[in-house]
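Visitor: Have a look at this one before I ask anything.
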Amino acid sequence: MQTIYRKKEYDVRKKGGCSLQVSILASGSKGNSVYVELDGARILIDAGISAARITKGLRARGVEPQSLDAVLVTHEHIDHVRGLRTLAKQYHVPILATRGTLAGIDGGAAFAEDMHRISDDFTVGAVTVRPFPISHDAAEPCGFRLEGSHCCTLATDLGVVTETVQDAMEGADVLVLEANHDADLLRQGSYPWPLKRRILSNRGHLANGDAAWALTRMKKPPHKVYLAHLSEENNRPTLARDTVNDILASRGITLDIESCLPEGGAEIIM
């Protein structure tokens with residue numbers, strides 16, 4: 001198993017008594033970024049907002065950007081890498097992604113020395129990171145499952161929940177799962193048909209109902225589910241949550257569900 005680590009240049013003040021913290025810094029078509037602290041490892045998943053916003057969001061939680069152990073990148077689309085170049089320039093944090101994603105990052109040559117290719121499971125400190133392939137119209141996209149004393153899985157930007165994705169969701173204490181759109185709102189909305197077709201395809205984005213049915217198939221219910229990457233035009237936070245809860249209720253399932261807002265703000269500490 002590949003080992004990735006970053007030597008801290010100064011003492012990092014740990015939050016008392018918490019082994020898992022998941023903070024949604026931003027979520028949606030305008031930018032995505034999630035901070036995860038697990039067993040002392042500090043990991044940023046995606047940098048799709050400005051480096052300034054990322055820095056502000058981290059510092060609001062008592063985290064200095066230079067204390068990050070790694071930045072994991074799901075794919076090269078701009079709403080996942082917008083702040084990556086400046087973040088790398090300012091802090092030289094290791095950037096970990098698949099070969100296809102690294103090759104597809106616009107301007108990536110400017111910070112190539114900070115890039116690390118991943119192809120299999122690897123460790124960041126005491127945390128095992130398991131990348132898994134997702135179905136999306138990008139070069140080599142993936143989700144991430146982080147395992148330690150707790151488990152967190154992020155699965156967004158996927159047109160379909162494959163068996164591989166379902167397996168990666170299973171047993172997660174905190175699950176960040178895409179619920180991008182309401183299918184009827186999308187079909188009746190103002191988007192041109194080619195864009196609608198892309199979103200509805202198996203390489204597009206996950207509908208509220210599809211997210212819900214994936215949750216019904218889980219054998220062990222998560223402690224917390226964040227519905228992420230909601231479309232501002234073809235979805236609503238309450239609609240996504242209510243749709244998922246209604247389908248879960250039809251199967252006698254109750255989960256702690258929260259819809260993420262574009263500006264982020266959702267957070268759990270365990």
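Visitor: Would you grab the residues whose amide H sits under 5 Å from the one on Gly143? Only those 5+ places off in sequence or on another chain, please, with H modelled 1.01 Å from N.
Guide: Phe132, Ile134
Visitor: Oh, and also: Work out the length of the dipole vector of the chain about its Cα centre, built from +1 on the beta-carbon of each Lys and Arg and -1 on the beta-carbon of each Asp and Glu, and round it to the nearest 20 debye.
Guide: Magnitude of the dipole: close to 380 debye.
Visitor: Roughly how many whole Å is it from the C-alpha centroid of the range 179-198 to that of the range 56-84?
Guide: Here the answer is 29 Å between Cα centres.
Visitor: Remind me, relative contact order of the range 169-237 in percent, using alpha carbon pairs under 8 angstrom and six or more residues apart?
Guide: 57 percent
Visitor: When N counts the residues of the range 9-124, how does its alpha-carbon radius of gyration compare numerically with 2.2 N^0.38 Å, as a ratio? Intermediate values should be presented prior to the final figure.
Guide: Numbers: Rg = 13.4 Å, N = 116, 2.2 N^0.38 = 13.4 Å.
So the Cα radius of gyration is 1.00 times the expected 2.2 N^0.38 Å.
Visitor: Just to be sure I understand the curve: with the Debye formula and one point per C-alpha of the range 81-132, what is log10 I(q)/I(0) at q = 0.14, 0.21, 0.29 Å⁻¹?
Guide: Each listed q maps to, in turn, -0.37, -0.79, -1.16.
Visitor: Summarise the accessible area of the chain (1.4 Å probe, protein heavy atoms) by the percent that is carbon and sulfur.
Guide: After summing per-atom areas, the C and S share lands at 49 percent.
Visitor: What is the set of long-range amide H partners of Leu261 at a cut-off below 5 Å, with H atoms built 1.01 Å from backbone N?
Guide: Ala266
Visitor: Still on this structure: Quickly estimate the mean residue ellipticity at 222 nm for the chain, helices only: each DSSP H run with n ≥ 4 gives -39500 (n - 2.57), and the total goes over all residues, rounded to 500.
Guide: Taking each H run of at least 4 residues, the total per residue is -7000 deg cm²/dmol.
Visitor: Let me ask another. Rounded to whole Å and sorted largest first, list the principal axis extents of the Cα atoms in the range 112-172.
Guide: Taking the Cα atoms of the range 112-172, the three principal extents are 33, 31, 15 Å.
Visitor: Contact order normalised by length for the range 97-139, with contacts defined as Cα pairs under 8 Å and 6 or more residues apart; what percent is it?
Guide: Reported relative contact order: 39 percent.
Visitor: With a ≥ b ≥ c taken as the square roots of the eigenvalues of the C-alpha gyration tensor of the range 132-224, please select rounded if a/c is under 1.5 and otherwise prolate if a/b is larger than b/c or oblate if it is not?
Guide: prolate
Visitor: In whole Hz and in residue order, list the ³J(HN,Hα) couplings for the range 246-251 that follow from phi through the Karplus curve 6.51 cos²θ - 1.76 cosθ + 1.60, θ = phi - 60°; x for Gly and Pro.
Guide: 3J(HN,Hα) across the range 246-251, in whole Hz: 5, 5, 4, 4, 5, 10.
Visitor: Hey, what do the phi angles of the range 214-220 turn into as Karplus ³J(HN,Hα) couplings, whole Hz, using 6.51/-1.76/1.60 and θ = phi - 60°, x for Gly and Pro?
Guide: Running phi through 6.51 cos²θ - 1.76 cosθ + 1.60 with θ = phi - 60° gives 4, 5, 5, 7, 6, 7, 10 Hz.
Visitor: At a threshold of 8 angstrom on Cα-Cα distance, excluding pairs fewer than six apart, so keeping six or more, what relative contact order does the chain reach in percent?
Guide: Reported as a whole number, the value is 19 percent.
Visitor: Rolling a 1.4 angstrom probe over the protein heavy atoms, how many square angstrom per residue are accessible across the chain?
Guide: Values: 11530 Å² over 270 residues.
Accessible area per residue, the chain: 43 Å².
Visitor: Now a separate question. What is the total of Lys pairs in the chain with C-alpha atoms under 27 Å apart, excluding same-chain pairs fewer than 8 positions apart?
Guide: Summing the qualifying lysine pairs gives 16.
Visitor: Now a separate question. Just one of (i) 43, 19, 17; (ii) 28, 21, 17; (iii) 38, 19, 17 is semi-axes √(5λ) of the Cα gyration tensor in Å calculated from these coordinates, so which is it?
Guide: Entry (ii).
Visitor: Still on this structure, please answer the following. Based on DSSP loop calls and a cut-off of at most 13 other Cβ atoms within 10 Å, the longest stretch of the chain free of exposed GluC sites (Glu not before Pro) is what?
Guide: Looking at the chain, 10-231 is the longest stretch - no exposed GluC sites (Glu not before Pro) with at most 13 other Cβ atoms within 10 Å.
Visitor: Taking a ≥ b ≥ c as the square roots of the eigenvalues of the Cα gyration tensor of the range 195-267, is the shape rounded (a/c under 1.5), prolate (a/b larger than b/c) or oblate?
Guide: oblate
Visitor: Here's something else I'd like to know. Tell me which residues come under 5 Å, amide H to amide H, from Ala41 once H is placed; ignore anything under 5 positions away on its chain.
Guide: Hits under the 5 Å cutoff: Ala126.
The values are calculated or read from the model by the stated rules, or taken from the named source; none is laboratory data. Keep in mind that this is a model prediction, so the values were computed, not measured. Don't worry about glycine lacking a Cβ; one is built from the backbone with ideal geometry, like all the others, and counts go over all protein chains shown. For the accessible areas, the whole protein counts, side chains as well, though only heavy atoms, and no ligand, DNA or RNA atoms are used. Shrake-Rupley method; radii C 1.70, N 1.55, O 1.52, S 1.80 Å.
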